Amino acid sequence: MIKNITEIRVRYCETDQMGIVNNANYPIYYEIGRTELLREIGLKYTEVEAAGIMMPLADLYIQFKAPALYDEILTLTTEVKEYPKSKIRFDYTIKNSKGDLLNTGYSSLAFVNIATKRPMRLPQMIQKVIQPFFLIKA
C-alpha cells in the first residue's frame, strides 16, 4: 500500500455564499493528493508523459458526508491499496481539523500509450517505483 497525507486550506474562491466548499472542487482536491502521492514516491507526471505514457481519468466516485468550510485546514489522505494492472486506483478521505470525516471517494486512471492512444498494461517505469510498496516479485 502507498499512502500520502496532504493539507489543503479552503480558499474563498472554492466556496459558495454560505462559505461551503462547492462540490466541483473535490476532484481538484483529489488531483492534488494524487499528484503529491506520486511525487513523494518519485514519479512526476511530466516524467511519465515524457516516457510516452498518459494517465487519463477512467472512474471518479465521491461521497459527501459533511461540508467543508471556508478557511478550514483539510487533511486529505490518498492511498493506493491494490497493485495496479491496466489502471491505478486512488482512494481518498478528507477530514477537517477536528477530525470529522467530510468526504470519501476514489478515482481510477488508465495507462495509455501517448503515440497510439491505446490502453496499456502497467508501464515498466511505474512498476519499478510502485513494486516495493507491495508484496509483488518482478
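Where a number appears in this text, it was derived from the coordinates with a stated rule and is not lab data. The structure displayed is predicted, hence computed values, not measured ones.
Under the rule of -39500 (n - 2.57) per DSSP H run of 4 or more residues, summed and divided by the residues of the chain, what mean residue ellipticity at 222 nm is obtained, to the nearest 500 deg cm²/dmol? Value at 222 nm, helices only: -6000 deg cm²/dmol. Counted over the chain, the DSSP beta bridges are approximately 100% antiparallel.
Is there a pair in LYS44/LYS85; LYS44/LYS98; LYS3/LYS44; LYS65/LYS128; LYS98/LYS128; LYS95/LYS128 whose C-alpha atoms are over 27 Å apart, and which pairs would that be? Flagged as over cut-off: LYS44/LYS98; LYS65/LYS128; LYS98/LYS128; LYS95/LYS128. Rounded to whole numbers, the Karplus 3J(HN,Hα) couplings from phi for the range 13-25 are 5, 8, 10, 8, 5, 8, x, 9, 4, 5, 4, 5, 7 Hz, using 6.51 cos²θ - 1.76 cosθ + 1.60 with θ = phi - 60°, and x at Gly and Pro. Put simply, the Cα atoms of the range 2-126 extend 47, 25, 22 Å along their principal axes, the longest span coming first. Close amide H partners of ILE53, meaning residues 5 or more places away or on another chain with modelled amide H under 5 Å apart, are ILE114.
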